[in-house]
Amino acid sequence: MEVDFILADHEVALEVKGADQVEARHLTGLRNFREEYRVKKAIIVSMDKHPRNVGPCQILPWKNFLEELWAGDLLN
């Protein structure tokens, strides 16, 4: 069980994927980590064209992720 980044003392778990479209198989590590540590947000940053949610996981295109990060909205 691993994720790529953990922000704000386990509040946000991030997984980065180079996939054009995140699929269910890409969510395994993030889902397991989320269950173990009870993070507030579980986000996959990818090459997807549009943001979406798959269960408790948020999928963000890399541009949307950077905009939210730089605006300070990611930890809210």
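Residues being under 18 Å from LEU74 (Cα atoms) and either modelled with pLDDT of 95 or more or charged (D, E, K, R) (or both): count how many of those fall in the stretch 18-42.
Residues that pass the stated criteria total 4.
Considering only residues of the stretch 44-57 that are modelled with pLDDT of 95 or more and crowded, with 16+ Cβ neighbours inside 10 Å, which is farthest from ARG34 (Cα to Cα)?
This residue is ASP48.
Could you please let me know if VAL22 is among the hydrophobic types (A, V, I, L, M, F, W, C), outside any loop (DSSP other than H, G, I, E, B) and touching a residue at least 24 places away in the same chain (Cβ under 8 Å)?
Numbers: among the hydrophobic types (A, V, I, L, M, F, W, C): yes; outside any loop (DSSP other than H, G, I, E, B): no; touching a residue at least 24 places away in the same chain (Cβ under 8 Å): yes.
No.
Within the stretch 58-76, take every residue that is part of a helix (DSSP H, G or I) and among the aliphatic types (A, V, I, L, M) and give me the one that is surrounded by the fewest Cβ atoms within 10 Å (Cβ to Cβ). Lay out the reasoning, then the answer.
As a first pass, look at the stretch 58-76 and keep what is part of a helix (DSSP H, G or I): 62-71.
After this cut, where a residue has to be among the aliphatic types (A, V, I, L, M) as well, the list is 66, 69, 71.
On the way: LEU66: 13, LEU69: 16, ALA71: 9.
Residue satisfying both the conditions and the ranking: ALA71.
The values are calculated or read from the model by the stated rules, or taken from the named source; none is laboratory data. None of these values were measured; they are calculated from a predicted model. Neighbour counts are summed over all protein chains in view; Cβ atoms, including those assigned to glycine, are modelled from backbone coordinates with ideal geometry.
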